Amino acid sequence: MLSNITLKNLKIGAKFNFLLILVFIVSIVGSGVALSSVLQGRAQNEVASQAQILIQMVNAVRDYTQDHINPLLESRVDTNPTFIPEVVPNFSSKEVFENFRKKPEYKNFFHKDATLNPTNLADKADNFETQLVERFRNDSKTLEITGFRNLSQGEVFYIAQPLKITQPECLRCHSTPDQAPKSQLVTYGSENGFGWQLNQIVSAQIISVPSQEIFANAKRTWTLIMGVLVTIFASIVFLINFLIKKYVIQRIRKIEKIAQKVSVGDMSADFEESSNDEIGGLAEAFNRMKSSLKIALEMLNSQD
């Protein structure tokens, strides 16, 4: 109620300024929220796209090792004094990814086959990764999990996929120690990496992509665009305010001043308006009213 009374007491110029500022604020806030949502979505799609490309690359290396390298080296596993890790697809994908990470711009990209009971303890799943493996085990329909995670290097976007034992020949190294190659036992011992079963999910293949810089770039882009939008909106508001004052407010004030003179009996003042718009029509109506008032006064005076 108080705001309505206050608004009614404002002059037309102040009312226009109030409405323009209100529209300006609503437009800027609405644009900022919408733009932020779009840029955040694009940033997340970008990191997700990078992770998808990397996981496909890792799988390609894994498949190549399984189909081409493993058959060439498998016969040497039993005769070699130490285990040949190149026969393991996980080893090849890990080595290729580590070579990829040697470039400074990719040092914060990570790949891990997080395993609950690995042969190589370097692949041991931590608490967070263990939860991912358990989720895959508990829901066979879940084929991919994505999200954000904070590491010592900063926030990363991760993509995880289940790794299942689908080939019986894999169980030779992971069923029981007595069936494993002697070279494997020499290298890794007989305590870890056994008891795996066919069609069992044993690992979560995880690719982590740094996301802080991408989201920081999105924030900088948002700031830049919002600065441009604020400038444009402010310029438009200023221009509209200037035009309203010049073509509406000033002309109305001129008519008001002349009407004040006429109201005290100054019939020499004319409502001069050359425009044919609504304000020009108003001035013409005031002129006719002034003429009618003048005639009425003259008739009144002649009767006296």
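The values are calculated or read from the model by the stated rules, or taken from the named source; none is laboratory data. Everything numeric in this text was worked out from a predicted model, so none of it was measured. Here the Cβ is made from the backbone with ideal geometry for all residues, glycine too, and neighbour counts use every protein chain on show.
Details
- Residues in the stretch 83-122 that are farther than 16 Å from residue 181 by Cβ, out of contact with any Lys or Arg (no Cβ under 6 Å at 6 or more places or on another chain) and among the charged types (D, E, K, R): 94, 95, 98, 102, 103, 105, 112, 113.
- For residue 81, the conditions (1) surrounded by fewer than 12 Cβ atoms within 10 Å (Cβ to Cβ); (2) free of Cβ contacts under 8 Å to residues at least 60 places away in the same chain all hold with the exception of (2).
- Failed condition for residue 87, given (1) surrounded by 18 or more Cβ atoms within 10 Å (Cβ to Cβ); (2) within 29 Å of residue 210 (Cβ to Cβ): (2)
- Pairs meeting the criteria (first residue in the stretch 180-200 and in a helix (DSSP H, G or I), second residue at pLDDT below 90 and β-branched (Val, Ile, Thr), beta carbons under 8 Å, at least 6 apart or on different chains) are 183/77; 183/82; 183/84; 184/77; 184/119; 186/82; 187/82; 188/119.
- Conditions (1) closer than 30 Å to residue 117 by Cβ; (2) surrounded by 12 or more Cβ atoms within 10 Å (Cβ to Cβ); number of the one not met by residue 241: (1)
Yes/no per residue for (1) surrounded by 15 or more Cβ atoms within 10 Å (Cβ to Cβ); (2) of a type in the set (Phe, Trp, Tyr); (3) on the phi < 0 side of the Ramachandran plot:
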position	(1), (2), (3)
108	yes, no, yes
123	yes, no, yes
126	no, no, yes
140	no, no, yes
148	no, yes, yes
153	no, no, yes
175	yes, no, yes
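- Candidates 212, 205, 167, 179, filtered to the one that is in contact with a Lys or Arg (Cβ under 7 Å, 6 or more places away or on another chain) and not aliphatic (A, V, I, L, M): 179
- In the stretch 141-200, the residues that are touching a strand residue (DSSP E or B) at 6+ places or on another chain (Cβ under 8 Å) and among the β-branched types (Val, Ile, Thr): 142, 145, 146, 156, 159, 165
- Residue within the stretch 159-177 that is over 27 Å from residue 145 (Cα atoms), assigned to a helix (DSSP H, G or I) and of a type outside the set (Asp, Glu) present: yes
- Of the residues examined, residue 150 is one that is out of contact with any helix residue (DSSP H, G or I) (no Cβ under 8 Å at 6 or more places or on another chain), in a strand (DSSP E or B) and of a type outside the set (D, E, K, R).
- Some residue of the stretch 127-141 being assigned by TED's automatic domain parsing to the domain that holds residue 90 and under 19 Å from residue 70 (Cα atoms): no
So that you can scan it fast, the table gives a plain yes or no per residue for (1) of a type in the set (Asp, Glu); (2) out of contact with any Leu (no Cβ under 7 Å at 6 or more places or on another chain):
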position: 42; (1), (2): no, yes
position: 80; (1), (2): no, yes
position: 84; (1), (2): no, no
position: 95; (1), (2): yes, yes
position: 112; (1), (2): no, yes
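- Hey, residue 278 surrounded by 15 or more Cβ atoms within 10 Å (Cβ to Cβ), of a type outside the set (A, V, I, L, M), under 28 Å from residue 20 (Cα atoms) and at pLDDT below 75 or not: no
- Here 115, 82, 119 are screened, and the one residue that is of a type in the set (S, T, N, Q), modelled with pLDDT of 90 or more and touching a helix residue (DSSP H, G or I) at 6+ places or on another chain (Cβ under 7 Å) is 115.
- Whichever residue in the stretch 92-144 is in a loop (DSSP other than H, G, I, E, B) and among the basic types (Lys, Arg) and, among such residues, is farthest from residue 209 (Cα to Cα): 141
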